[in-house]
Structures are given as structure tokens and as C-alpha cells.
1. Checking residue 71 against (1) closer than 20 Å to residue 36 by Cα; (2) in contact (Cβ under 8 Å) with a residue 60 or more places away in the chain; (3) among the charged types (D, E, K, R), which test does it fail?
2. Return only the number of the condition from (1) within 16 Å of residue 27 (Cβ to Cβ); (2) touching a Ser or Thr at 6+ places or on another chain (Cβ under 8 Å) that residue 96 does not satisfy.
3. Do we find a residue being crowded, with 16+ Cβ neighbours inside 10 Å, outside any helix (DSSP H, G or I), among the basic types (Lys, Arg) and over 15 Å from the mean Cα position of the chain (by Cα) anywhere in the stretch 64-73?
4. In the stretch 53-95, what residues are of a type in the set (S, T, N, Q) and over 25 Å from residue 125 (Cβ atoms)?
5. Scanning the stretch 1-34 for residues that are among the hydrophobic types (A, V, I, L, M, F, W, C) and at pLDDT below 95, which turns out farthest from residue 118 (Cα to Cα)?
Amino acid sequence: MTQTAPSPGQRQSTCVAIAGRAVLIEGAPGTGKSALALALIDRGAQLVGDDSVLLQSDGAQLRARPHPNTRGMLEVRNLGILPFPCVDEAPVALVLALDSNAPRYIEVSESITIGGIELPLVRLWPQGGSLALKAELALGRYGLPR
């Protein structure tokens, strides 16, 4: 299944970079986007942006950048908005959707087109546990190469 998203620009998503490849984390408010980002950062990922990411297509790649108003800030539930080191830009390799209707298993990823760039889309069940590990596995198996 292929979806088309609105044009690039500001997107209410959270984004981390893993080994130079950006993972865009989407989902309804309260589904755990920031919590997943925090868990991935604990495993070595770098913050790109939380709750507001700037996306720009260069024709070959979709690039994610932090929003200048929230650069280097991550909401940690129960603790507040805390500073974290962040990267200035990373190419988007995978879109993860935190979705309570995520399928139990998949053989191929879905796809989503943002700014004319087709990206793999994987849905994860937010209450499923081991989300950081699943996100890393999804990037390795379905993510675009560097």
C-alpha cells in the first residue's frame, strides 16, 4: 500500500538518526513518539527533532532537520523538556508509524511518498514492547540504504 503525504515542510513528527540515516517517527499524540526516540538515543541514536521536524526534498532524498524553535530539545514525560545533543540534518531512510492497528507481522513494508520521495513505512504497535529494538530491526530490514 502506498500513501502520499502532504508536501515537505514542517511536520509534527519526531526524528532520530541511526548511523547517519533518519527514522521519522509518527503517530497520534500520546502514542510514545518521544519515548521511542529517548530509547533509541539510549541505544546510540542521535536526536534530529521532537514534535516538529523540517523536511526538504532535494529530488533524490528527503532530508530531515530540527526546527529552530525546538532544536536540541526532547520531551521526556514526567521530567519535562530536556536538552539533548542533536544533528543538523540526516537523510530519511524509514518512516515508523506508531499505530494500535499495526499488523502482527509483515513481509514487505508499506510505502509513503513525501515531497516526491518514496519512503518505506512500517507500523509498530505502541504497546508492543521492545520498540527501540523493533525500530532498529525495521531500519536494517526495510530502510533505504545510505
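The values are calculated or read from the model by the stated rules, or taken from the named source; none is laboratory data. Small disclaimer: the values here were computed from a predicted structure and weren't measured. Here the Cβ positions follow ideal geometry from the backbone for every residue, glycine too, while neighbour counts run over all protein chains shown.
1. Looking at each condition in turn, residue 71 falls short on (2).
2. Only one criterion in (1) within 16 Å of residue 27 (Cβ to Cβ); (2) touching a Ser or Thr at 6+ places or on another chain (Cβ under 8 Å) is unmet by residue 96, namely (2).
3. Yes - at least one qualifying residue is present in the stretch 64-73.
4. 56, 57, 61, 69, 70
5. 28
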